[in-house]
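Quick notes on the structure that follows.
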Amino acid sequence: MVYPASVSLTTSEVPSEPILRLDGVTRQFSNQNPPAVRDVSLTLQSGEFLSLLGPSGCGKTTLLRLIAGFEQPQRGTIEIGQQCVAGSGQWIPPEKRGVGMVFQDYALFPHLTVSQNIAFGLSQKPNGIVQQRVQETIALVGLEGMDNRYPHQLSGGQQQRVALARALAPHPFLVLLDEPLSNLDVQVRLRLRQELRDILKAARTSAVFVTHDQEEALSISDRVAVMRQGCLEQIGTPEALYREPASRFVAEFVTQANFLPATPKGPVFETPIGCVPPDRVVRAGGAESAISQAINLMLRQEDLRLHPDEQTGTATIQDRQFLGREYRYSIRLASGQDLIARTPVDQRLPVGAAVRPQIAETAVLRVFAA
């Protein structure tokens, strides 16, 4: 179904899927600099929660602004609910895209109450419908009894819920969230990120969530899109990204993995901390052709074992961090290479101790070019 550009989109008219489609979207702010977003293509299914993950400056917020309509692409097309909203000679302004936005600083009106903030985007509807929808969204985000409070009378977490309720009130196709938890303390973030997902799932609303926090993206997303230098590096389920990174950048940024130099030697791969049989080595991308040159093997931090060995230890513990449920050790090999290991709290090794590092017997290592 195609909607005329002059008509605002409403969720009751939306086909079931996909809810969002980007095809070759590019945005460059200056000819002297590379594009902030370069040739990005992806789709979002109805009801799906997608996180845009990447380091600062990778283009994820610019991509969000392109979807919202705050920026216009120079190339490519953006479709929301199977209607082209940008590109191919089409342009629909932000207020007519059926998109709700939650900003990093929440952008609540300080002179309006909770109810008035939520009702702000419903001003063109009959008063009875507005009041009913306001009460529905207040209940959805768990703020009953706070209707008449002002933003300064709320905690950071409560303000975040008001901002989410305001975005959900008009029944949008899509909610866009630009690092909405970044201003909260750690304990509140841990609680609210799951509540955020639960609220969006209860509302049956599709969402695109921007974050630079790997754990945050992996814990709440249906799929994660990893960005680097304006490009989409890999998109997939959290499990797929963690277990099967398609590039070294994804392996380093998402899994924070170690990389071991390895050389084929007879039937095994020789590394500085032991030999690995070929049945425990897989290529990124699934290729299984023979490997005859020097390579790097991705070793996850939890797959590195440390054995105290003052006599024949080949590595030294440089640093130990207590993380509550585990220790994080930084060790240095005789070659000068540093590796990171995460171990259970029942293994406490002193800084400066000699250890014999070993690859876990169950570990599967992925191949990347040396």
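Taking the convex hull of the Cα atoms, report for the chain its projected area averaged over all directions, in nm².
Taking the Cα atoms of the chain, their convex hull projects to 23.1 nm² on average.
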Charge-dipole axis of the chain as Lys and Arg at +1 and Asp and Glu at -1 on Cβ define it, positive-most pick from LEU299, ASN148, PRO110: PRO110
Net charge over other residues, Cβ less than 11 angstrom from the Cβ of ARG332 (K, R count +1; D, E count -1): -2
Packing-based ranking, highest mean first, of 79-87, 215-223, 337-345 given that Cβ atoms within 10 Å are counted: 79-87, 215-223, 337-345
Charge-dipole axis of the range 136-209 as Lys and Arg at +1 and Asp and Glu at -1 on Cβ define it, positive-most pick from GLN159, PHE209, VAL188: PHE209
Debye-sum result for the range 218-298 in log10 I(q)/I(0), which assumes one identical scatterer on each alpha carbon, at q = 0.20, 0.24 Å⁻¹: -0.92, -1.14
Helix axis angle, 156-168 relative to the chain longest principal axis, alpha carbon, degrees: 60
Cβ-placed point charges (K, R +1; D, E -1), dipole of the chain about Cα centre in debye, nearest 20: 320
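Per the helix-only calculation at 222 nm, which mean residue ellipticity applies to the chain, given -39500 (n - 2.57) for every DSSP H run of n ≥ 4 and division by its residues, nearest 500 deg cm²/dmol?
Calculated at 222 nm, the ellipticity per residue is -6000 deg cm²/dmol.
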Potential lengthening between LYS201 and GLU136 on full extension [0.36 nm per residue; Cα-Cα distance subtracted]: 21.9 nm
Neighbourhood charge, 14 Å Cβ-Cβ cut-off, centred on ILE220 and excluding it, Lys, Arg +1 and Asp, Glu -1: -3
Per-residue SASA entry for SER335, accessible area with 1.4 Å probe, Å² rounded to 10: 90
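Hey, what's the Kirkwood Rh for the range 267-370 if you take every pair of different alpha carbons, in angstrom?
About 14.6 Å for the range 267-370.
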Distance histogram for the range 24-113 (every C-alpha pair counted, 10 angstrom bins, percent rounded to whole numbers): 14, 45, 31, 9, 1
Longest to shortest principal axis, alpha-carbon extents of the range 63-149, angstrom: 47, 28, 21
Relative contact order of the range 251-370, pairs being alpha-carbon contacts under 8 Å that are 6 or more residues apart, as %: 32
Rounded to 10°, Cα long-axis angle of helix 186-202 versus longest principal axis of the chain: 60
Angle in degrees between helix 127-140 and the longest Cα principal axis of the chain, rounded to the nearest 10: 20
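Defining a contact as two alpha carbons under 8 Å apart and six or more residues distant in sequence, what relative contact order in percent does the chain show?
Once divided by the residue count of the chain, the mean separation gives 15 percent.
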Global geometry of the range 13-168, whether rounded, prolate or oblate, following the gyration tensor of its Cα atoms and the 1.5 cut on a/c: prolate
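The values are calculated or read from the model by the stated rules, or taken from the named source; none is laboratory data. Everything quoted here is computed from the prediction, not taken from an experiment. With ideal geometry, Cβ positions are generated from the backbone for all residues, glycine too; neighbour counts draw on all protein chains shown. Just the protein is used for accessible areas: all its heavy atoms, side chains included, with ligands, DNA and RNA removed. Shrake-Rupley method; radii C 1.70, N 1.55, O 1.52, S 1.80 Å.
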